[in-house]
Amino acid sequence: MNSDDRFDGMYMNLAQQCRGIDPLLDSVFGFLRRKTDFFTGPPGQSNGPEMAVAKVMEIVEKHRKIAGKEMEEKVKKMEKVKEKKRKEKEERAKVEAKKTSSPSESVLEVNNDGAFDVSSSPSSLPSPPPPQQILS
């Protein structure tokens, strides 16, 4: 468990009790105001409020950059998945096209006399010459 998520359970509980982000932040800053010198600075320091605002902005900017990088990575990952699915779909379409364009096996029917009826089935063989009449 890294330092970013070790208090997640406690923060989630707080967020649920506060019922939102704004009340949660208000609660955190209220705690800092009441129980620490975050807003006033150490005794004898006159720029405490400015330092507090600067520190908050520094931390917000740090996490904004992290969130931006995470979002970029998520978008790249989604694009890779989308590209993979597109390629798979193209491949399936090629396979289907091959199946439909390849000559299918034809079924030869047997006549009543037991001979094969090839007249209705397509054939790649040339048709036989017509029978010749024998004159006698």
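When all protein chains stay in place, what accessible area (Å², nearest 10, 1.4 Å probe) is found for Glu70?
110
Expressed in nm to one decimal, what extension gain is obtained for the pair Lys94 and Glu72 from 0.36 nm per residue of sequence separation less their Cα-Cα distance?
Using 0.36 nm per residue and subtracting the Cα-Cα distance, I get 4.6 nm.
Treating cross-link reach as a plain straight distance, find the aspartates and glutamates whose alpha-carbon is under 19 Å from the alpha-carbon of Lys65, omitting any fewer than eight places away in the same chain.
Correct list for Lys65: Asp4, Asp5, Glu73.
Counting only the backbone N, which residues of segment 49-71 are under 17 Å from the spot 7 Å out from the Cα of Lys82 toward its beta-carbon?
71
Accessible area, 1.4 Å probe, largest first: how do Asp22, Asp8 sort?
The ordering from most to least exposed comes out as Asp22, Asp8.
For segment 1-87, what relative contact order do you get, as a whole percent, if you take Cα pairs closer than 8 Å and at least 6 residues apart? Mind showing how you got there, number by number?
Details: 26 pairs, mean separation 8.8, N = 87.
The normalised contact order for segment 1-87 reaches 10 percent.
Please give, to one decimal in nm, the separation of the simple spin-label points placed at Val60 and Tyr11, each 7 Å out from Cα toward the Cβ.
1.6
Could you tell me the accessible area of Lys62 in Å² (1.4 Å probe, neighbours in place), rounded to the nearest ten?
Roughly 120 Å² of Lys62 is accessible to a 1.4 Å probe.
For segment 1-88, just say rounded, prolate or oblate: build the C-alpha gyration tensor, square-root its eigenvalues into a ≥ b ≥ c, call rounded for a/c under 1.5, and beyond that prolate if a/b exceeds b/c, oblate if not.
In terms of gyration-tensor shape, prolate.
Would you please give the residues with an amide H less than 5 Å from that of Asp37, counting only those at least 5 places away or on a separate chain, with H modeled from the backbone geometry?
Those qualifying (amide H under 5 Å, at least 5 residues apart or on another chain) number zero.
The values are calculated or read from the model by the stated rules, or taken from the named source; none is laboratory data. Model, not experiment: these values are computed from the prediction. For neighbour counting, all protein chains shown are included, and Cβ atoms are generated from backbone atoms with ideal geometry for every residue, glycine included. Side chains are part of the model used for accessible areas, which takes the heavy atoms of the whole protein and leaves out ligands, DNA and RNA. Shrake-Rupley method; radii C 1.70, N 1.55, O 1.52, S 1.80 Å.
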